[in-house]
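Just below is one structure, and these are the notes that go with it.
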Amino acid sequence: GESVGLHLPTLSVQEGDNSIINCAYSNSASDYFIWYKQESGKGPQFIIDIRSNMDKRQGQRVTVLLNKTVKHLSLQIAATQPGDSAVYFCAENGGTGGFKTIFGAGTRLFVKA
Amino acid sequence: DVKVTQSSRYLVKRTGEKVFLECVQDMDHENMFWYRQDPGLGLRLIYFSYDVKMKEKGDIPEGYSVSREKKERFSLILESASTNQTSMYLCASSYRLQETQYFGPGTRLLVL
């Protein structure tokens, strides 16, 4: 079935370093991808999105890369800060799933001071 | 900014009780969603609504019902709470179905 998965369940980085969180998706027809951040005790918060007609999109300190050839999505966080510690989810929408957003299991990012 | 609020952050209920979880969004979004989030299982869709009084089942609707009498409000009802419904419940809304969903803070429900 369709799935959105993450390569690593946890990621630990040093404060100031760049973080890269990866995600694989299985539905090549998906056309919209979203990254969410979930801090402890809170709901997921939208970070950045990208449509399938793009391969890169940048926000403030974050960049999303989409490689449709290998069905891979990544989130890059520049100069990681302690406040970036959270669980990060990728999600896909569209394609044969229609309206449904399919969420990955999440990667927990730890930032070491 | 989109704001999605949920009526309770924490709830403790007894088995067999009827439980109401309320969600309100202030951005005039057409679509609203209820998910539950469990460790290792991620976010699973319970129900969604694309218009007032309209609802569709998600992946795990058993044991739940919903109500959408007003555009801004979407309620999740556990008709007879069971211990396996102990979970984090998240409400979300979106302008279009295939666009970003904005989440509330969640309600952590414990059924004893």
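Within region A:61-71, is even one residue within 15 Å of the chain's Cα centre (by Cα), under 22 Å from B:GLY106 (Cα atoms) and surrounded by 17 or more Cβ atoms within 10 Å (Cβ to Cβ)?
Checked against the condition, which is being within 15 Å of the chain's Cα centre (by Cα), under 22 Å from B:GLY106 (Cα atoms) and surrounded by 17 or more Cβ atoms within 10 Å (Cβ to Cβ), region A:61-71 yields no hits at all.
Filter region B:22-50 down to the residues that are more than 13 Å from chain A (Cβ to nearest Cβ) and not aliphatic (A, V, I, L, M) and list them by number.
B:GLU22, B:ASP26, B:ASP28, B:HIS29
Across region B:2-57, what is the number of residues that are assigned to a loop (DSSP other than H, G, I, E, B) and on the phi < 0 side of the Ramachandran plot?
Summing the residues that are assigned to a loop (DSSP other than H, G, I, E, B) and on the phi < 0 side of the Ramachandran plot in region B:2-57 gives 16.
Taking region B:74-101 on its own, how many of its residues are of a type outside the set (Gly, Ala, Ser), within 14 Å of chain A (Cβ to nearest Cβ) and in contact with an Asp or Glu (Cβ under 9 Å, 6 or more places away or on another chain)?
8
What are the residues in region B:1-52 that are charged (D, E, K, R) and either within 13 Å of the chain's Cα centre (by Cα) or within 19 Å of B:TYR95 (Cβ to Cβ) (or both), if any?
B:ASP1, B:LYS3, B:ARG9, B:GLU22, B:ASP26, B:ASP28, B:GLU30, B:ARG36, B:ARG44, B:ASP51
Identify the residue in region A:51-102 that is touching a strand residue (DSSP E or B) at 6+ places or on another chain (Cβ under 8 Å), among the basic types (Lys, Arg) and more than 14 Å from every other protein chain (Cβ to nearest Cβ) and, among all such residues, is farthest from B:GLU99 (Cα to Cα).
Ranking the candidates gives A:ARG61 first.
Filter region A:13-51 for residues that are assigned to a strand (DSSP E or B) and basic (Lys, Arg) and give the result.
Of everything in region A:13-51, those that are assigned to a strand (DSSP E or B) and basic (Lys, Arg) turn out to be A:LYS37, A:ARG51.
Could you please find all residues in region A:8-52 being modelled with pLDDT under 95 and over 28 Å from B:ARG108 (Cα atoms)?
Result: A:ASN22, A:ALA24, A:TYR25, A:SER26, A:ASN27, A:SER28, A:ALA29, A:SER30, A:ASP31, A:TYR32, A:ARG51, A:SER52.
Out of all the residues in region A:52-62, is one or more part of a strand (DSSP E or B), closer than 12 Å to A:CYS90 by Cβ and among the β-branched types (Val, Ile, Thr)?
No, region A:52-62 contains no residue that is part of a strand (DSSP E or B), closer than 12 Å to A:CYS90 by Cβ and among the β-branched types (Val, Ile, Thr).
So B:LEU109 ticks every box in (1) more than 11 Å from every other protein chain (Cβ to nearest Cβ); (2) assigned to a loop (DSSP other than H, G, I, E, B); (3) surrounded by 15 or more Cβ atoms within 10 Å (Cβ to Cβ); (4) touching a residue at least 24 places away in the same chain (Cβ under 8 Å) but one. Which box is left unticked?
Of the numbered conditions (1) more than 11 Å from every other protein chain (Cβ to nearest Cβ); (2) assigned to a loop (DSSP other than H, G, I, E, B); (3) surrounded by 15 or more Cβ atoms within 10 Å (Cβ to Cβ); (4) touching a residue at least 24 places away in the same chain (Cβ under 8 Å), the odd one out for B:LEU109 is (2).
The values are calculated or read from the model by the stated rules, or taken from the named source; none is laboratory data. Remember, predicted model here, so these are calculated numbers, not experimental data. Positions of Cβ are generated from backbone atoms using ideal geometry, with glycine treated the same way; all protein chains shown enter the neighbour counts.
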